[in-house]
Ligand SMILES: C[S@@+](CC[C@H](N)C(=O)[O-])C[C@H]1O[C@@H](n2cnc3c(N)ncnc32)[C@H](O)[C@@H]1O
């Protein structure tokens with residue numbers, strides 16, 4: 001039987017607890033840098049899928065005529081509405097059953113959400129359905145094949161094998177499940193769904209407390225800019241970004 005997971009952010013102050021109480025300036029900048037490189041410059045109707053409180057809205061507001069932030073959490077969407085007012089529309093629901101018509105969007109992105117999804121293939125099929133032919137999806141994937149995860153596995157500190165294509169579920173991190181994906185596994189899903197992959201970026205390459213201390217956020221952000229492209233072929237970063245296109249009919 002298929003099991004769907006919704007990580008419920010209702011009542012959790014994601015903005016404050018995850019982004020403001022902890023120094024994640026480098027990670028935030030790394031996400032923004034990738035999005036700027038991958039999102040089309042002009043879109044008619046765009047949705048941020050699992051967009052939460054709209055952390056990244058300033059990256060797409062200027063590119064899209066109409067912006068919808070979609071999320072399961074009504075408290076996240078309420079916060080988004082308070083911040084951006086009538087610049088955005090919000091829609092609540094489940095990624096596995098998106099409240100959008102077939103071909104309604106010409107652009108979408110989904111960032112920092114795949115680690116909540118047990119059935120990525122089903123979510124991708126929904127994203128494909130709601131895009132119009134020629135439309136673009138920018139998808140961030142939580143990578144299981146990172147260097148630290150490899151080191152933990154080969155030294156026996158973790159049983160999760162980063163080299164096999166099976167989805168990793170780190171149940172110890174979240175009661176709902178916390179999924180990491182092998183790049184080959186997700187790329188096969190994208191292809192089976194019907195997407196063409198136009199560009200790949202390696203993102204958050206230096207996500208490490210020690211590196212932040214030694215180099216400082218400003219320098220890491222500069223290094224990140226180059227690394228996103230150069231390191232993309234080896235897919236070792238914790239976040240891999242994909243620019244996917246639904247083919248024209
Ligand atoms: C880590 S947050 C990321 C928010 C935003 N994309 C960002 O990068 O700041 C994950 C978001 O995914 C949403 N989410 C998780 N599972 C979902 C599902 N099945 N349907 C809709 N939203 C979901 C959560 O409510 C939460 O807002």
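At 0.36 nm per residue, and after removing the present C-alpha to C-alpha distance, how many nm does the segment from residue 196 to residue 215 gain when stretched out fully? Intermediate values should be presented prior to the final figure.
Working: separation 19, 0.36 × 19 = 6.84 nm, distance 3.72 nm.
Working it through step by step, the gained length comes to 3.1 nm.
Report the gain in length on full extension from residue 171 to residue 66: 0.36 nm times residue separation, minus Cα-Cα distance, nm rounded to one decimal.
Working: separation 105, 0.36 × 105 = 37.80 nm, distance 3.76 nm.
Length gained between residue 171 and residue 66: 34.0 nm.
Calculate the spin-label point distance for residue 12 paired with residue 248, positioning each point 7 Å from the Cα along the beta-carbon direction, and give it in nanometres.
4.2 nm
By DSSP, what percent of the beta bridges with both residues in the chain are antiparallel, rounded to the nearest 5?
45 percent
Mean separation of Cα pairs under 8 Å and 6+ residues apart, divided by the residue count of the chain: what relative contact order is that in percent?
Computed over the chain, the figure is 21 percent.
Gaussian network model of the chain, Cα springs within a sub-10 Å range: biggest mean-square fluctuation belongs to which of 191, 17, 27?
17
Restricting things to alpha carbons, find the Rg to Rh ratio for region 14-245 using the Kirkwood radius for Rh. Write down the numbers at each step before the final one.
Numbers: Rg = 17.2 Å, Rh = 18.2 Å.
Over the Cα atoms of region 14-245, Rg/Rh equals 0.95.
Between 38, 211, 120, which gets the highest mean-square fluctuation from a Gaussian network model of the chain, Cα cutoff 10 Å?
Checking each option, the largest mean-square fluctuation is seen for 211.
For the chain, with a Gaussian network of springs between Cα atoms less than 10 Å apart, report the residue from 36, 157, 55 with the top mean-square fluctuation.
Fluctuation is largest for 157.
Could you tell me how far the Cα centroid of region 23-48 sits from the Cα centroid of region 96-127, in Å?
Between the Cα centre of region 96-127 and that of region 23-48, the gap is 17 Å.
Defining a contact as two alpha carbons under 8 Å apart and six or more residues distant in sequence, what relative contact order in percent does region 151-192 show? Don't skip to the answer; put the middle values down first.
Working: 34 pairs, mean separation 12.0, N = 42.
For region 151-192, the relative contact order is 29 percent.
Over region 1-115, calculate the relative contact order: mean separation of alpha carbon pairs under 8 Å at least 6 apart, over the residue count, as a percent. Please report the intermediate quantities before stating the final value.
Values: 158 pairs, mean separation 32.3, N = 115.
Answer for region 1-115 is 28 percent.
Round to a whole angstrom and tell me the spacing of the C-alpha centers of region 159-222 and region 60-79.
24 Å
Computed from the coordinates by the stated procedures, all read-outs in this text should not be read as laboratory data. What you see is a predicted model, and the numbers here were worked out from it, not measured in a lab. Here Cβ is always computed from backbone atoms with ideal geometry, including for glycine, and neighbour counts include all displayed protein chains.
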